[in-house]
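Working notes for the structure below.
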Amino acid sequence: MSGIPVDPVYGEGPNPGEYPFTRGIRPSMYRSRLWTMRMFAGFGTASDTNARFKEILRNGGTGLSTAFDMPTLMGRDSDHEWALGEVGRAGVAVDTLADMRDLFADIDLGHVSTSMTINGPAHIIMAMYIALAEETSVERSSLSGTIQNDILKEYQAQKEYIFPPRPSMRLITDLIRFTATEMPRWHPVSVSGYHIREAGSNAPQELAFTLANGFAYVEAAVAAGLDIDDFAPRLSFFFNSHSDFFEEIGKFRAARRIWARWMKERYGAQDERSMLCRFHTQTAGVSLTAQQPEINVARVALQALAAVLGGSQSLHTDSFDEAMALPTEDAARIALRTQQIIAYETGVANVADPLGGSAYVEWMTDEIERRAEEIFAHLDQLGDGSILEGVYAGIDNGYFVGAIADSGYRFERAVNAGRRIVVGVNQFTEGDHPGDRNLLRIDPQVEVDQLKRLADVKKSRNESAVASALAELTVDAAEPTVNIMPATIRAVQALATEGEIVAALEAVFGTYVETAVM
Amino acid sequence: MSQPPIRIVLAKIGFDGHDRGLRMVARMLRDAGCEVIYLGLRQTTENVVAVVEQEDADAVGLSMHNAQHLTLAPRMVSALRNADLEVPVILGGVIPDQDVAPLMEAGVAVILGPGASAEEVVSAVRGAVASRS
């Protein structure tokens, strides 16, 4: 504000933009391009969410991010018996291509980058998105965005799996291959630590499990015959930003260094873009309190600042009312404004890696890296020299779920015993009940409307075309060397439902049931 | 005179996969000496009723995070009552304040707010079980 001119970077090398990229993936970081302000939204019917998307874009959001409801995430239709009470509640309901048309109505898919948070049935939703784009004369090759498609963390933390791990991995490598050849601007996997952290892990575990999953996808894709430099530049990551400010910053910096080194040294990547750990960050939903919800605005601002100081490429800030319900439009706007304040008022975007060289930050970065390396060594040994096999083994033997539960419980006990202060919860309280607030309520009519819409689509479509598309899909699924994507695109174009496609695949792949671990 | 330990069935009904809170509560109750029958994810109402019956459980604990509580919690209560099981249903998760009264009217015994301490969880379960017998 005083007008003091600043350089793009301070301190000794390696600089931002130089291997191993501890200090950032680009030389001048946010001076050349700010992070994408990508707010996560989805509720009710596709039309409800479409309206919220347009509101976000009108308010200066620079990317879209789609939240699907539980039945959609689990690969089931809105009329499934378990879907009762869940349709459109915690995300948007998408059963068929017809819903996808409403979801992105009047949004130019050739120009907006879209992120879709879905995993088990990711390739089906991706097929719908591709089919929709082509209906609106947008080439699949010009689509840009990200589909989460990270199934490994589902077995470890988020629990939205459908098929067992190995056939799931085949679906993922199929999508990696498909996008590598046909959709050069698309990110086929967003390797996600966010949910691992939300489920209870600590920062080094979040980092280590996420990067290990990333190594596992690399090993699987290479085993499927792909060249590492053909797909690795399009892998991206998704981290949590929690409340321990310097630990989080150290975590982000360590992530870049570890990924770069492993990609180069262990997996032999030649292309520098394969070594870049590019990530989206979301502030920590689990840290938000229902007690005195307004103070969550301050928590979110600090967590977002850590994400920016850590060098995120994209950021979602949580809304202050999310400990109670999905965000209202007002709360979501405040969350977006928080990012804009950080970007345009604080000056932190003027210098790349402003904390680089701080003795504490550098030590923390090294320490988190060291702890992550211990976990990689464990997984490597568990998999007999393969991280992919180590991850499968850790899923089978409950290592991930158990380690996450232990960390979460340790944190909970510290809060209970008052060793760790949570403002508004165990200190500085104002009574037990948050009281009535203006919350986003999902009208039960949404479920009724969606069921009718699904029934109408089923009535309108050509049943024999659906049946033959699903039969073809089953044949392709049974043949591991055939890519599942083309048959999936044809099935969604015939208006087969997500649930029907999943059922056709379950007939070949089976269904995963976890052993309950408390 | 020592009481037999409380036996509680903990489950998540339907698709909701947010099991952190439920696993936490399971450990809190176990550490407090309760016998926890932890069913985990993707349970049906019918299965929970069957387990309560087989295991002769004293209480059922459910956790809901996706705004499905107004539909699923009352359904759990009626399914238990229809099977002549008078066990209390204890609900936790993301439950807005304004939903508490209708859920209590529908027969839910206790609603644990977010951030409930281990002490609050254990005493709520003990209270609900004691007031039944």
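None of the figures in this text is laboratory data; all of them are computed from the coordinates on show. Since this is a predicted model, take the numbers as computed values, not measurements. All Cβ positions, glycine included, derive from the backbone under ideal geometry; neighbour counts span all protein chains shown.
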> Using a simple spin-label model with points 7 Å from Cα along the Cα→Cβ vector, what separation in nm is obtained for B:D97 and B:R30?
Replying inline: 3.5 nm
> If all Cα-Cα distances of the stretch A:77-163 are sorted into 5 Å bins from 0 onward, what percent lands in each bin, rounded to whole numbers?
Replying inline: 3, 13, 21, 24, 19, 12, 7, 1
>> Given axes a ≥ b ≥ c from the Cα gyration tensor, I'd like to know whether the stretch A:163-263 is rounded (a/c under 1.5), prolate (a/b larger than b/c) or oblate.
In response: prolate
>> From the helices alone, meaning DSSP H stretches of at least four residues, give me the mean residue ellipticity at 222 nm for chain B, per-run term -39500 (n - 2.57), in deg cm²/dmol to the nearest 500.
In response: -13500 deg cm²/dmol
> Short version: what are the Cα gyration tensor semi-axes of the stretch A:113-227, square root of 5 times each eigenvalue, largest first, in whole Å?
Replying inline: 25, 15, 13
> Which Rg and Dmax, in Å, describe the Cα atoms of the stretch B:81-133?
Replying inline: 11.6, 33
>> When only alpha-carbon atoms are used, what values of Rg and Dmax, in angstrom, describe the stretch A:374-472?
In response: 25.3, 64
>> Suppose the Debye formula is applied to equal point scatterers at every Cα of the protein assembly as shown; what is log10 I(q)/I(0) at q = 0.07, 0.11 Å⁻¹?
In response: -0.43, -1.13
> Between A:A417 and A:V448, how many nm apart are label points set 7 Å from Cα along the C-beta direction?
Replying inline: 5.3 nm
> Once you list every other residue whose beta carbon is under 14 Å from the beta carbon of A:L470, what net charge do they have if Lys and Arg are +1 and Asp and Glu are -1?
Replying inline: -4
> Can you work out ³J(HN,Hα) from phi for every residue in the stretch B:99-105, in order, using Karplus 6.51 cos²θ - 1.76 cosθ + 1.60 and θ = phi - 60°, giving whole Hz and x for Gly and Pro?
Replying inline: 8, 5, 4, x, 5, 5, 4
> If the chain between A:N350 and A:T511 were fully stretched, how many nm would it gain, using 0.36 nm times the residue separation less the Cα-Cα distance?
Replying inline: 53.0 nm
> Can you give me the relative contact order of the stretch A:316-439 as a percent, contacts being Cα pairs under 8 Å and 6 or more apart?
Replying inline: 17 percent
> Can you give the charge dipole size of the stretch A:127-238 about its Cα centre, rounded to the nearest 20 debye, using +1 on the beta carbon of Lys and Arg and -1 on the beta carbon of Asp and Glu?
Replying inline: 240 debye
> Under unit Cβ charges (Lys, Arg +1; Asp, Glu -1), what dipole magnitude, rounded to 20 debye, does the protein assembly as shown have relative to its Cα centre?
Replying inline: 1020 debye
> So how many Å³ per residue does the convex hull of the Cα atoms of the stretch A:225-273 work out to?
Replying inline: 79 Å³
> Ranked by Cβ crowding within 10 angstrom, fewest neighbours first, how are B:K12, A:K264, A:K459 ordered?
Replying inline: A:K459, A:K264, B:K12
>> Taking only Cα atoms of the stretch A:1-75, what ratio of Rg to Rh do you get with Rh as the Kirkwood inverse-distance radius?
In response: 1.22
> After finding the eigenvalues of the alpha carbon gyration tensor for the stretch A:225-344, what semi-axes result from the square roots of 5 times each, listed largest first in whole Å?
Replying inline: 33, 14, 12
>> List the residues, sorted by chain then number, that are 5 or more residues from A:T36 or on another chain and whose placed amide H is less than 5 Å from its amide H.
In response: A:S314, A:L315
> Charges only on Cβ, +1 for Lys and Arg, -1 for Asp and Glu: so what's the dipole of the stretch A:190-347 about the Cα centre, in debye to the nearest 20?
Replying inline: 440 debye
> For the protein assembly as shown, what number of Lys pairs, 8 or more residues apart or on separate chains, have alpha-carbon atoms under 28 Å from each other?
Replying inline: 8
> Ranked by Cβ crowding within 10 angstrom, fewest neighbours first, how are B:M104, A:M126 ordered?
Replying inline: B:M104, A:M126
> To the nearest µm²/s, what D does Stokes-Einstein give for the stretch B:14-95 at 4 °C and 1.567 mPa s, using the Kirkwood radius over alpha carbon pairs as Rh?
Replying inline: 99 µm²/s
> To two decimal places, what compactness ratio does the stretch A:1-157 give when its Cα radius of gyration is scaled by 2.2 N^0.38 Å?
Replying inline: 1.29
